[in-house]
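Peer 1: Sharing a structure below in structure tokens format, with a few things to ask.
Every read-out reported here was derived from the displayed coordinates using simple, explicitly stated rules and does not represent laboratory data. It should be emphasised that the depicted structure is a prediction, and the values quoted were computed from it without experimental measurement. Because the Cβ atoms are built from the backbone with ideal geometry, glycine has one as well, and the counts that use them run over all protein chains shown.
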Amino acid sequence: MKRTPAALWIWYRGTDFLGFQRQPEGLTVQEALEDAMRKAGVPYPIMPAGRTDRGVHARMQVASVRLPPCYTSEMLAERLPPHAPPGIGLCVARRPPEGFHAQWSAVGKEYRYRVQLGGSVAEAWRPFAMEASLEPRLEGLTLRPERVAELLGATVGRRDFYAFHEHSSLRKPRTLESATLHELGGGLFELRLRGDGFGRYQVRYLVGSTLLTAAGGLSEELFRSALESGTPIPGLKAPAKGLVLWEVRYPSDKDPFPSEERARAPGLPSAPPFCLPDGAETQAA
């Protein structure tokens, strides 16, 4: 009998893991998840939509897996959660459309980055947000939200982001569809970046370098030149703890998760880093 495919929507807090991908030493999300799945009766490896680095969180990581004969996605949804360690959970397990693959079917992703631009970060958010005033290259500099929003908007477009990702990632044009700044309250802001693909550390370098330029620690001329030509600059890589893989997107005929389900994220914890303070937000001008 054939094994049946399943699509998993997984969330995790990256704080206690050495990234997603299995490694020879140290606990990773993949190792912890596959161990939990073995205990739930699925002894097969998973294929994620992509990897996240050490300390990065995911509201929506998607994974493909094959289930044993006579084992259904509904059974996995019931049996997996009791074995999942703290910091990892399952939102949805479902049989996907024909031809679905978590990685190769994906057409885009959205990342969100939380940064405290003014005041003191709330204790609940401290492990999940960058505190700009504590970054050595930003210390003593002024960060105005409207200036951050202006420079962030300049990153949108199809371009070579070579200056803003690790050179181990393939150099090729990538499209950043939108990049916006949102105020979450209490001096906490969220940068939302949506695109068709990202190189390694690209979001963190874009965020950090945007903040550095907005604060006057990097010239705007260099920043914009790097965006247009890919010429390396002494940019800033923002810390991992503020970054969340928010969503993975698929074509409508391949997407296992309908839009209304994506909006309500069943089973997602309401605590940081996934919720908004006081339930309020506004987009910075």
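Peer 1: Would you mind counting up the charge near GLY216? Only other residues with Cβ under 12 Å from its Cβ, with Lys and Arg at +1 and Asp and Glu at -1.
Peer 2: Result for the neighbourhood of GLY216: +2.
Peer 1: Which ³J(HN,Hα) values in Hz, rounded to whole numbers, follow from the phi angles of the stretch 163-175 under the Karplus curve 6.51 cos²θ - 1.76 cosθ + 1.60, where θ = phi - 60° and Gly and Pro get x?
Peer 2: Once θ is set to phi - 60°, the couplings for the stretch 163-175 become 6, 10, 8, 4, 6, 6, 7, 4, 7, 6, x, 10, 10 Hz.
Peer 1: Does the stretch 72-128 classify as rounded, prolate or oblate by the C-alpha gyration tensor (a ≥ b ≥ c root eigenvalues; a/c under 1.5 gives rounded; else a/b over b/c gives prolate, otherwise oblate)? Working shown, then result.
Peer 2: Details: a/c = 4.95, a/b = 1.64, b/c = 3.01.
Oblate, because a/c is 1.5 or more while a/b does not exceed b/c.
Peer 1: Is it possible to state the helix-based mean residue ellipticity at 222 nm for the chain, with each DSSP H run of 4+ residues giving -39500 (n - 2.57), the sum divided by total residues, to the nearest 500 deg cm²/dmol? What is it?
Peer 2: The helix-only estimate for the chain comes to -5500 deg cm²/dmol at 222 nm.
Peer 1: Where does helix 29-39 land angle-wise versus the long Cα axis of the chain, in degrees 0 to 90, nearest 10?
Peer 2: The answer is roughly 20 degrees.
Peer 1: Roughly how tilted is helix 202-214, in degrees to the nearest 10 and between 0 and 90, from the longest Cα axis of the chain?
Peer 2: Tilt of helix 202-214: around 20 degrees.
Peer 1: Add +1 for every Lys or Arg and -1 for every Asp or Glu among the other residues with Cβ under 14 Å from the Cβ of ARG194, and state the total. Don't jump to the answer; show the numbers that get you there.
Peer 2: Working: positive: ARG59, LYS109, ARG112, ARG158, ARG174, ARG192, ARG249, ARG262; negative: GLU110, GLU177, GLU190, ASP196, GLU247.
Taking every Cβ under 14 Å from that of ARG194, the sum is +3.
Peer 1: Using Cα-Cα distances under 8 Å and only pairs 6 or more residues apart, what relative contact order does the stretch 4-102 have, in percent? Could the numbers behind the result be given before it?
Peer 2: Details: 198 pairs, mean separation 43.2, N = 99.
44 percent.
Peer 1: Further question: Each residue of the stretch 231-243 in turn: what ³J(HN,Hα) in whole Hz from Karplus with 6.51, -1.76, 1.60 and θ = phi - 60°, glycine and Pro shown as x?
Peer 2: 5, x, 9, x, x, 10, 8, 5, x, 5, 5, x, 9
Peer 1: Right, here's the next one. Using the crude model of +1 on Lys and Arg Cβ and -1 on Asp and Glu Cβ, and no other charge, please compute the dipole size for the stretch 4-102 relative to its Cα centre, in debye to 20. Let's see the in-between values first.
Peer 2: Values: 11 positive and 9 negative charges, 24 e Å.
Roughly 120 debye, rounded to the nearest 20.
Peer 1: List the pairs from LYS2/LYS254; LYS2/LYS172; LYS109/LYS241; LYS39/LYS237 whose alpha-carbon separation is above 30 Å, in the order I gave them. Can you show the working numbers first?
Peer 2: Working: LYS2/LYS254 21 Å; LYS2/LYS172 39 Å; LYS109/LYS241 18 Å; LYS39/LYS237 38 Å.
Exceeds cut-off: LYS2/LYS172; LYS39/LYS237.
Peer 1: Find the relative contact order for the chain and round it to a whole percent, using C-alpha pairs within less than 8 Å whose residues are 6+ positions apart. Mind dumping the intermediate values first?
Peer 2: Values: 616 pairs, mean separation 67.1, N = 285.
The value is 24 percent.
Peer 1: Would you mind checking which residues have amide H under 5 Å from HIS165's amide H? H placed 1.01 Å from N; only 5 or more apart, or other chain.
Peer 2: Residues meeting the amide H criterion: none.
Peer 1: Taking Cα pairs under 8 Å and at least six residues apart, what relative contact order does the stretch 108-245 come out at, in percent?
Peer 2: Values: 280 pairs, mean separation 47.7, N = 138.
Rounded, it is 35 percent for the stretch 108-245.
Peer 1: Which net charge results for the neighbourhood of ARG51, defined as the other residues with beta-carbon distances under 15 angstrom from its beta-carbon, given Lys and Arg at +1 and Asp and Glu at -1? Write down the numbers at each step before the final one.
Peer 2: On the way: positive: ARG22, ARG54, LYS109, ARG200, ARG204; negative: GLU31, GLU34, ASP53, GLU166.
Net local charge, ARG51 excluded: +1.
Peer 1: Next up: Against the longest alpha carbon principal axis of the chain, how many degrees, from 0 to 90 and to the nearest 10, is the axis of helix 220-229 turned?
Peer 2: So the helix axis and the longest Cα principal axis differ by about 50 degrees.
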